[in-house]
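Visitor: So that we are looking at the same thing, I have put the structure below in structure tokens.
The values are calculated or read from the model by the stated rules, or taken from the named source; none is laboratory data. This is a predicted model, so every value here is computed, not measured. With ideal geometry, Cβ positions are generated from the backbone for all residues, glycine too; neighbour counts draw on all protein chains shown.
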């Protein structure tokens, strides 16, 4: 009870912090937000009028109060750049990022964990080095460059996958967007051609993001596994005559999963911030691109909206990983059923 | 002494265990240990680092990666442990040779219910239905003197006391009814009162099931009171082998040293005897 | 890595006796113990070939940065439009860029910027993280609460966005990029330092120091922080690649480095327009970034295995 | 939970992911070739902020307006000096040159189906003035204001209307201004039905129209998804010949390389933002053709006269001798621009083609010495990080150096540099200026007019932004705007440009040529000289 109250407080504080930081950024950026609205050619009086409408002439504290006040009422206003309510924009852009990030993390975790386990089991062996190098390469390549190269190869030269964008123009309007997640929408509509098109647009960027999170996840898996494999209960398990497979997957990994969920959750959060660079290269209309573009034009309403979403995602995933932590590790469940003897 | 008519349960000739040294080359931690074991209680005593645990693990086949085990002979009943395939070694482990480890706090898997861990041993050696397994687990827990097995089964290691944990450990190791049990300091992590209970249980089960037991400990008194025969190890060698009842006649100064360190009721405690070590013993 | 302490020279006859001395498990002096520890660390580190490769790469980077003027065949910022976008050749090993500048020379000089960025960010961010982390970990209570909230806020904020914002706010210039990256990259260190502190705080010798009446400040600075340093160092080394990439990303988005500065990220950004035909313009700096960050990663990885008992063992 | 199952699941997911990846890789063909009735355009349109013709003033938005909204008159894309009727059947100006009257074609309809009458035209013009958004000045410069517009623009019959100006301007100027987007005709009935009233004041459908459509042009704007897609659809109620494509879809693609890939794969029919290199490469591809048109956009850099050094006439001239126009023309702007040293882009009335300046370091040095800064100085330039501007700036940085001028480049995003520029806090600014409407006055107005150089001036033309105080030129420019004799007017602009070339703090570099690359199976694509005259509705596809 009291814990949950403290937790609520924490969240409130975090949000206020996000608000403050965003506001601060919006004011320190040497861009006149009004200029973003009226453009280069605007006569002075138009610019001034807009500045007043945006309350840019008020003293800063007053501006901040207004800003927070509106935000607290959930009114993030309209985006200057898209003329839409910020929430509408986010409802359009976030699913795009969500789709990409989710596929990315599935690939990343789905391959990263087994690879990490493999490396740990074959510690110092060829497999270990192979996985290590592969992962470190993942850490080390500039993604925008790799992305473009991948496009050239798989899209332009080989024609295995579809190019930039989320779906072929042919289907752009045939499928109506319910969730905004193309794979779901197309599947729900039963438009399998559209589904295939969406999928083949998704594969490349998702694989790329997947690879990058794979790099991190496999490394962490490895070190967690090494840690577990050194434990006494592994010796016990061997003494019981269990097969290595069972010892590794059921005993060691099962324990390693406990810290691993946090790692995975966090890299998922990382992907959900939206990778500006990937989204640029693949013309993917996602959150990262939205926030960056808004930021560069001092469209602070949009930036705030985006930031709040990212912040929420971050907090949410932290909660989720805590919850999973409890599920996975009985020691964290505070049930004292035990007795001595 | 075991009955010579039957071939010994375990015979070890010139067992050596070596590990790669930080400074290149190999260092031997067990240096030519030999003994044979029937269906009896053998104690191995020595300070930490004397190689007693390594001897035990080498027999079970749990020498840590990097370690090299060699011996003139290492046979368990009719099986030549040196030459048999890893699979067979694995089948033996927990099946015919079991090992109880020191501290249940670490030797039980923290995220698995105790019952599941015990059942696992059984399943690994004599596949059987879940219900069947459950029944056997309950029996095993009861056998180690746990009143309400049904409840304990569902508990996780962190939820039980050390004593109960160690009993569970024993149950886990005995459920596949092995012929040889190696107990590596099974009680030194427990508080004294509990120690005796656990030893009692161990004693009973070994007797009932006619198992061979290798009891590894640093506590000479404990061993002498509990075993038929005692190997005294120092620096990787057996310095003395002696029947528990003959201990007071021990020849080797090291053994005597160990004995003198044991406080005797009535006798004055001053000056406190100290254990002296002579390098030549290690030769 | 030289493990021979000057004052004790006379002891040394042969290297082997040195090794013995270093690895004796009964060190005579604190120094011997410390050196012994380092030596052991170094041995397990050196056992990892990949880590040595990493060390080699980083070493090479430093060397190149130092000798840049001697190594580079041309001036990094002077070019001629007539000579632009030449493919790799005898006279221009890596070809020329869109301004007709020799790419190799730019890469070589760029190494200085990269090094500058990496080192400076590390030097700025790590201490901040250490200070915040240890302080909040040791003090606990509301200090902890406040500091950790702040950390969380920074963590919850999209990182590149934050960096972008700060660069935009601070104006162009590599130094500002460095500051921006530093500001965005301290929170993880704070987290680590805090975690370590929480465990260290319980240690008996800390209470001992307390009994001796040391001030909290002194305890944190002298007794807690030093113990957190290794794990933070490891983390920093592992992050350096990330730092390089972030800097490159900023350069790629047109922030940070000012033309004609041969900053690698900016070079990729410039080469991006020619990536399909004059691929080498972007590929060369791309490869450079790749190799260097790979180097840092291998190094950090090795360090972790060597220093961090959890990961190794 | 069963941990083994968990990890199995992880593996299963891995397998699944791998499978789908593989599937996509091999089963799926690269789904090339867009639908026959749809023209797909790859274009960077992140500049669009509104679809309301009274407000939209960005390049990409302009193109949409041109395709989706009608005006009274348009100019001939093939010869901009000729005017063509659009909605208006006829037009004339009174003898005193202050009253313009128009007569509409009969039976016009909006896309909505509503009839289009003089009422809508009057409403549209008045609305633009009353809303007073950025482009409103194109109309207000003729003396229209919020106060008087209701009587200055009047409906005189169901199909006739008149517009009064405060001075007898050159009719071509007035007409040309009426071809601009801001003079587009909007659907009064529809807009008023969408009007949002805030504290008693109606917004004339402004809020709604920002993201919607109320026009009568050949195409309808179906949807605008910012930074993703814009969809135009054939307007079947169009009064004239119906649009050729049923659908035109713009996809927002920022990278030239990406646009090129899409075009070559056939996933786009037209690519609009290609770099010189990509254009060169495409020349080899025989599925691809290109079309080019000189635009009304000129690139320049300007010296802030608030900086005492840059204010010296010799220094101003020196800079003009320190740009390697030749090399830049051959490389950085090859295919996408031609060197041009006058503020009027070629194609506008009276535009001069003289380009006297070339790279001459010696001469520049002499001038600098004369100005007393012979041993050089340091100066900063604010630059957008976009090509070719950045390339040109870096090239200049090198040539300047030869004359001892240290040029520090301050890269920044567009809005950032602009904020500084408008505050007159820069040293040197490099940028571009596009004609707002097809008349010389549009550029004269900003380059050669500075009615008030005070910091709090009402209008802030480029001359003001560089604190260039020019009462004399301003007078000449105003006179030219009023000159009704075309030939005479042309001459006046010639003189303006001559003076400007010599003494202005503006170094004009080049005039943009817009190039579009398109697939062979397209016909009828022509890039218009202004952003609002690229007509996609004429494009057909086999």
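Visitor: Need at least 3 residues that are closer than 30 Å to residue B:56 by Cα per element, so show me which helices (runs of 4 or more DSSP H) inside the stretch A:215-289 make the cut, counting only ones lying wholly within it. Give the derivation first.
Guide: Working: elements: A:232-239, A:254-272, A:276-281.
Helices (runs of 4 or more DSSP H) meeting the threshold: A:232-239, A:254-272.
Visitor: Then there's this: I'd like the full set of residues that are out of contact with any helix residue (DSSP H, G or I) (no Cβ under 7 Å at 6 or more places or on another chain), outside any loop (DSSP other than H, G, I, E, B), more than 8 Å from chain A (Cβ to nearest Cβ) and at pLDDT below 90, limited to the stretch D:24-69.
Guide: Listed by number, the list is empty, since nothing qualifies.
Visitor: Tell me, yes or no, whether the stretch A:158-169 has at least one residue that is part of a helix (DSSP H, G or I), buried (at least 19 other Cβ atoms within 10 Å of the Cβ) and at the interface with chain D (Cβ under 10 Å from one of its Cβ atoms). Let's see the steps before the verdict.
Guide: Quick first cut of the stretch A:158-169, residues part of a helix (DSSP H, G or I) only: A:169.
Now drop any that are not buried (at least 19 other Cβ atoms within 10 Å of the Cβ), which leaves A:169.
After this cut, where a residue has to be at the interface with chain D (Cβ under 10 Å from one of its Cβ atoms) as well, the list is A:169.
Yes, the conditions are met somewhere in the stretch A:158-169.
Visitor: So which residues in the stretch C:252-276 are touching a residue at least 40 places away in the same chain (Cβ under 8 Å) and either assigned to a helix (DSSP H, G or I) or closer than 25 Å to residue C:134 by Cβ (or both), if there are any at all?
Guide: Of everything in the stretch C:252-276, those that are touching a residue at least 40 places away in the same chain (Cβ under 8 Å) and either assigned to a helix (DSSP H, G or I) or closer than 25 Å to residue C:134 by Cβ (or both) turn out to be C:264, C:267, C:270, C:271, C:273, C:274.
Visitor: Taking the conditions exactly as written (at pLDDT below 85, in contact with a helix residue (DSSP H, G or I) (Cβ under 7 Å, 6 or more places away or on another chain), assigned to a loop (DSSP other than H, G, I, E, B) and under 23 Å from residue D:206 (Cα atoms)), does residue A:35 satisfy them or not? Full working, then the answer.
Guide: Working: at pLDDT below 85: yes; in contact with a helix residue (DSSP H, G or I) (Cβ under 7 Å, 6 or more places away or on another chain): yes; assigned to a loop (DSSP other than H, G, I, E, B): no; under 23 Å from residue D:206 (Cα atoms): yes.
When the stated conditions are applied, residue A:35 does not pass them.
Visitor: Continuing with the same structure: Any chance the stretch D:255-276 includes a residue that's within 12 Å of chain C (Cβ to nearest Cβ), part of a helix (DSSP H, G or I), touching a residue at least 40 places away in the same chain (Cβ under 8 Å) and surrounded by fewer than 20 Cβ atoms within 10 Å (Cβ to Cβ)?
Guide: No, the conditions are met nowhere in the stretch D:255-276.
Visitor: Which of the residues belonging to the stretch C:236-262 are away from chain D (no Cβ under 11 Å) and within 18 Å of residue C:101 (Cβ to Cβ)?
Guide: Hit for the stretch C:236-262 is C:262, nothing else.
Visitor: Another question, then. What do you reckon, is residue A:197 at the interface with another protein chain (Cβ under 8 Å from one of its Cβ atoms), surrounded by 20 or more Cβ atoms within 10 Å (Cβ to Cβ), more than 30 Å from residue C:285 (Cβ to Cβ) and at pLDDT 85 or above? Full working, then the answer.
Guide: Numbers: at the interface with another protein chain (Cβ under 8 Å from one of its Cβ atoms): yes; surrounded by 20 or more Cβ atoms within 10 Å (Cβ to Cβ): yes; more than 30 Å from residue C:285 (Cβ to Cβ): yes; at pLDDT 85 or above: yes.
Yes.
Visitor: Just one of the numbered conditions (1) surrounded by 15 or more Cβ atoms within 10 Å (Cβ to Cβ); (2) part of a helix (DSSP H, G or I) is not true of residue A:76; which one?
Guide: Among (1) surrounded by 15 or more Cβ atoms within 10 Å (Cβ to Cβ); (2) part of a helix (DSSP H, G or I), residue A:76 violates only (2).
Visitor: Continuing with this model, one more query. Evaluate the following for residue B:113: is it at pLDDT 85 or above, over 22 Å from the mean Cα position of the chain (by Cα), buried (at least 17 other Cβ atoms within 10 Å of the Cβ) and at the interface with another protein chain (Cβ under 9 Å from one of its Cβ atoms)? Steps first, answer last, please.
Guide: On the way: at pLDDT 85 or above: yes; over 22 Å from the mean Cα position of the chain (by Cα): yes; buried (at least 17 other Cβ atoms within 10 Å of the Cβ): yes; at the interface with another protein chain (Cβ under 9 Å from one of its Cβ atoms): yes.
Against the criterion (at pLDDT 85 or above, over 22 Å from the mean Cα position of the chain (by Cα), buried (at least 17 other Cβ atoms within 10 Å of the Cβ) and at the interface with another protein chain (Cβ under 9 Å from one of its Cβ atoms)), residue B:113 qualifies.
Visitor: Tell me whether the stretch D:318-341 contains one or more residues that are more than 22 Å from residue C:100 (Cα to Cα) and under 23 Å from the mean Cα position of the chain (by Cα). Steps first, answer last, please.
Guide: Of all residues in the stretch D:318-341, those more than 22 Å from residue C:100 (Cα to Cα) come to D:318-320, D:340-341.
With under 23 Å from the mean Cα position of the chain (by Cα) added as a condition, the list becomes D:340-341.
Yes: the stretch D:318-341 contains one or more residues that are more than 22 Å from residue C:100 (Cα to Cα) and under 23 Å from the mean Cα position of the chain (by Cα).
Visitor: Can you tell me which residues in the stretch A:107-131 are part of a helix (DSSP H, G or I), away from chain D (no Cβ under 14 Å) and surrounded by fewer than 20 Cβ atoms within 10 Å (Cβ to Cβ)?
Guide: Scanning the stretch A:107-131 gives A:126, A:127, A:128, A:129, A:130.
Visitor: Then there's this: Looking only at helices (runs of 4 or more DSSP H) that fall completely inside the stretch B:152-226, which ones have 2 or more residues that are buried (at least 20 other Cβ atoms within 10 Å of the Cβ) and modelled with pLDDT of 85 or more? If you could, list the steps in order and put the result at the bottom.
Guide: Details: elements: B:162-174, B:192-209, B:220-226.
Where helices (runs of 4 or more DSSP H) fall fully within the stretch B:152-226 and carry at least 2 residues being buried (at least 20 other Cβ atoms within 10 Å of the Cβ) and modelled with pLDDT of 85 or more, they are B:162-174, B:192-209.
Visitor: Here is a further query. Quick check: is even one residue across the stretch D:297-319 free of Cβ contacts under 8 Å to residues at least 60 places away in the same chain and in contact with a helix residue (DSSP H, G or I) (Cβ under 7 Å, 6 or more places away or on another chain)?
Guide: yes
Visitor: Right, something else. Confirm whether residue D:404 is more than 26 Å from residue C:269 (Cβ to Cβ) and in contact with a strand residue (DSSP E or B) (Cβ under 8 Å, 6 or more places away or on another chain). Please lay out each step first, then the result.
Guide: Numbers: more than 26 Å from residue C:269 (Cβ to Cβ): yes; in contact with a strand residue (DSSP E or B) (Cβ under 8 Å, 6 or more places away or on another chain): yes.
When the stated conditions are applied, residue D:404 passes them.
Visitor: Shifting gears a bit: Within the stretch D:422-437, track down each residue that is within 16 Å of the chain's Cα centre (by Cα) and farther than 19 Å from residue D:341 by Cα.
Guide: Answer for the stretch D:422-437, where residues must be within 16 Å of the chain's Cα centre (by Cα) and farther than 19 Å from residue D:341 by Cα: D:436, D:437.
Visitor: With respect to residue A:88, determine if the residue is facing chain D (nearest Cβ under 10 Å) and at pLDDT 85 or above. So that I can check it myself, show each step before the final result.
Guide: On the way: facing chain D (nearest Cβ under 10 Å): yes; at pLDDT 85 or above: yes.
Yes: the conditions hold for residue A:88.
Visitor: Quick check, is residue D:183 buried (at least 19 other Cβ atoms within 10 Å of the Cβ), closer than 22 Å to residue D:133 by Cα, more than 14 Å from chain A (Cβ to nearest Cβ) and touching a residue at least 24 places away in the same chain (Cβ under 8 Å)?
Guide: Numbers: buried (at least 19 other Cβ atoms within 10 Å of the Cβ): yes; closer than 22 Å to residue D:133 by Cα: yes; more than 14 Å from chain A (Cβ to nearest Cβ): yes; touching a residue at least 24 places away in the same chain (Cβ under 8 Å): yes.
So residue D:183 passes the test.
Visitor: Is it the case that residue A:320 is modelled with pLDDT of 80 or more, part of a helix (DSSP H, G or I) and away from chain B (no Cβ under 14 Å)? Steps first, answer last, please.
Guide: Working: modelled with pLDDT of 80 or more: yes; part of a helix (DSSP H, G or I): yes; away from chain B (no Cβ under 14 Å): yes.
Judged against the criteria, residue A:320 is a match.
Visitor: Could you figure out which of (1) closer than 25 Å to residue D:218 by Cα; (2) free of Cβ contacts under 8 Å to residues at least 24 places away in the same chain; (3) out of contact with any strand residue (DSSP E or B) (no Cβ under 9 Å at 6 or more places or on another chain) isn't true of residue D:140?
Guide: (1)
Visitor: Can we say residue D:285 is in contact with a helix residue (DSSP H, G or I) (Cβ under 9 Å, 6 or more places away or on another chain), free of Cβ contacts under 8 Å to residues at least 60 places away in the same chain and either in a loop (DSSP other than H, G, I, E, B) or within 20 Å of residue D:250 (Cα to Cα) (or both)?
Guide: Details: in contact with a helix residue (DSSP H, G or I) (Cβ under 9 Å, 6 or more places away or on another chain): yes; free of Cβ contacts under 8 Å to residues at least 60 places away in the same chain: yes; either in a loop (DSSP other than H, G, I, E, B) or within 20 Å of residue D:250 (Cα to Cα) (or both): yes.
Taking the combined requirement at face value, the residue satisfies it.
Visitor: Taking residue B:161 as the residue in question, decide whether it is assigned by TED's automatic domain parsing to the domain that holds residue B:52 and either farther than 21 Å from residue B:92 by Cα or touching a helix residue (DSSP H, G or I) at 6+ places or on another chain (Cβ under 7 Å) (or both). Can you show your working first?
Guide: Details: assigned by TED's automatic domain parsing to the domain that holds residue B:52: no; either farther than 21 Å from residue B:92 by Cα or touching a helix residue (DSSP H, G or I) at 6+ places or on another chain (Cβ under 7 Å) (or both): yes.
It is false that residue B:161 is assigned by TED's automatic domain parsing to the domain that holds residue B:52 and either farther than 21 Å from residue B:92 by Cα or touching a helix residue (DSSP H, G or I) at 6+ places or on another chain (Cβ under 7 Å) (or both).
Visitor: With surrounded by fewer than 19 Cβ atoms within 10 Å (Cβ to Cβ) and in a strand (DSSP E or B) as the only criterion, which of D:146, D:92, D:167 stands out?
Guide: On the way: D:146 fails: in a strand (DSSP E or B); D:167 fails: in a strand (DSSP E or B).
Going through D:146, D:92, D:167 in turn, the sole match is D:92.
Visitor: Only residues in the stretch B:205-229 that are outside the structural domain of residue B:77 (by TED's automatic domain parsing) and over 17 Å from residue B:46 (Cα atoms) count as the first member; pair them with residues that are modelled with pLDDT of 90 or more and surrounded by fewer than 20 Cβ atoms within 10 Å (Cβ to Cβ), Cβ under 7 angstrom, at least 6 apart or cross-chain, and list the lot.
Guide: none
Visitor: Output the strands (runs of 3 or more DSSP E) that fall wholly within the stretch B:1-109 and possess 2 or more residues being touching a residue at least 24 places away in the same chain (Cβ under 8 Å) and touching a helix residue (DSSP H, G or I) at 6+ places or on another chain (Cβ under 9 Å), or say none. Before the answer, list the steps.
Guide: Values: elements: B:10-20, B:26-37, B:41-45, B:68-70, B:73-76, B:97-100.
So the answer is B:10-20, B:26-37, B:41-45, B:73-76, B:97-100.
Visitor: Here are some conditions: (1) touching a strand residue (DSSP E or B) at 6+ places or on another chain (Cβ under 7 Å); (2) at pLDDT below 95. Residue D:503 meets all but one. Which one does it not meet?
Guide: (1)
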